[in-house]
Ligand code: ISE
């Protein structure tokens, strides 16, 4: 039984704690910690496990903790991954792996020193049945080579302190990862464009932003990023290939045809609910992701998204953020890929 410790008892941290204790075989959580000590204490109390309060590094050092799961806020990820690697423990880090490509390079260098992959990044879309089926069809070659991706990533709203660049590093980072995975391709260059702004946007950040990417094989990717759409959590993706297209299915299959409310006042409609919470949208993918993670640790070799994948997404994010306002595509340049990730 793999013994894990979780850093971060906020939204997804608490959900992962439940998942690992109640749902996923072969793993349990023995300790938790959080920048806000009370959040760790209440989670620990709920499950009858150890709380390290806000002593996250103390939890990483605990000899009982074999694997560390990092779900704290984005700017803290890099330091906690490096601390975990100090003890050469398994490390599951939620996206983004770091805030910049340069920080990710240090993680990659440390893994090279250790000589073994220990880090997995929480790019759960790889385990979503819709994306996996799209990839299977593209890889089969049945509908020809992929040419264009049209995607959108929409959130209902953001909390305080959200900045324009977080639309890339915290939100579109999923597309920066999943598009190269779907295409089996790497990015050449990219730019982010500010378009007509939505009335839902407070002055502090751009909303929407449009991300454009070109790949080494010449594919074109267009992602509309709305971080405050005012209606739902809406993730869409269509890959146009030479002899057809593949499109991500909506998470609800049930289509309702009825009057929603009063007989007298409404015409009948055909409708499907749209989710508002990202944790719910990918709930099955998170379960599958952790099952696969535990199994790969049992087998002695990680198979999920690597530090390299985390690095590429951050390097692409760096280029996009640097391109803002220039009207120019910016080259996406990486270090040479170490053999470990090939
Ligand atoms: C969150 O961390 C996610 O992973 C969601 O997919 C994204 O839509 C949301 O904006 C992020 O904060």
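Computed values, structure above
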| quantity | calculated |
| --- | --- |
| Of all residues making up the stretch 189-239, the number that are buried (at least 22 other Cβ atoms within 10 Å of the Cβ), more than 19 Å from residue 319 (Cβ to Cβ) and more than 16 Å from the ligand (Cβ to nearest atom) | 1 |
| Residue that is farthest from the ligand (Cβ to nearest atom), among those in the stretch 245-300 that are touching a strand residue (DSSP E or B) at 6+ places or on another chain (Cβ under 7 Å) and assigned to a strand (DSSP E or B) | 257 |
| Residue list for the stretch 91-106, filter: under 18 Å from the mean Cα position of the chain (by Cα) and either in contact (Cβ under 8 Å) with a residue 40 or more places away in the chain or within 18 Å of residue 172 (Cβ to Cβ) (or both) | 92, 93, 94, 95, 96, 97, 98, 99, 100, 101, 103, 104 |
| Residue check, residue 147 modelled with pLDDT of 95 or more and under 18 Å from the mean Cα position of the chain (by Cα) | no |
| Residues of the stretch 90-104 satisfying the condition of being in contact with a helix residue (DSSP H, G or I) (Cβ under 7 Å, 6 or more places away or on another chain) and more than 14 Å from residue 176 (Cβ to Cβ) | 90, 91, 92, 93, 94, 103 |
| Residue 157 being within 16 Å of the ligand (Cβ to nearest atom) and surrounded by 15 or more Cβ atoms within 10 Å (Cβ to Cβ) | no |
| Test result for residue 171, crowded, with 19+ Cβ neighbours inside 10 Å, within 19 Å of residue 318 (Cβ to Cβ) and either over 20 Å from the mean Cα position of the chain (by Cα) or away from the ligand (no atom under 14 Å from the Cβ) (or both) | no |
| Whichever residue in the stretch 61-82 is more than 17 Å from the chain's Cα centre (by Cα) and under 27 Å from residue 174 (Cα atoms) and, among such residues, is surrounded by the most Cβ atoms within 10 Å (Cβ to Cβ) | 68 |
| Odd one out for residue 165 among (1) under 24 Å from residue 82 (Cβ atoms); (2) crowded, with 21+ Cβ neighbours inside 10 Å; (3) within 14 Å of the ligand (Cβ to nearest atom) | (2) |
| Meets criteria (within 30 Å of residue 89 (Cα to Cα), free of Cβ contacts under 8 Å to residues at least 40 places away in the same chain and surrounded by 13 or more Cβ atoms within 10 Å (Cβ to Cβ)) for residue 297 | no |
| Close pairs from the stretch 167-179: first closer than 13 Å to residue 305 by Cα, partner within 9 Å of the ligand (Cβ to nearest atom) and assigned to a helix (DSSP H, G or I), Cβ under 8 Å, at least 6 apart | 174/125; 177/125; 178/125 |
| Given (1) within 20 Å of residue 304 (Cβ to Cβ); (2) away from the ligand (no atom under 13 Å from the Cβ), index of the condition residue 124 fails | (2) |
| Any pair with Cβ under 6 angstrom, 6 or more apart, that starts in the stretch 317-335 at a residue that is free of Cβ contacts under 8 Å to residues at least 24 places away in the same chain and ends at one that is not in a loop (DSSP other than H, G, I, E, B) | 322/330 |
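The values are calculated or read from the model by the stated rules, or taken from the named source; none is laboratory data. Since this is a predicted model, take the numbers as computed values, not measurements. A quick note on method: Cβ atoms are made from the backbone with ideal geometry, for glycine too, and the neighbour counts reach across all protein chains shown.
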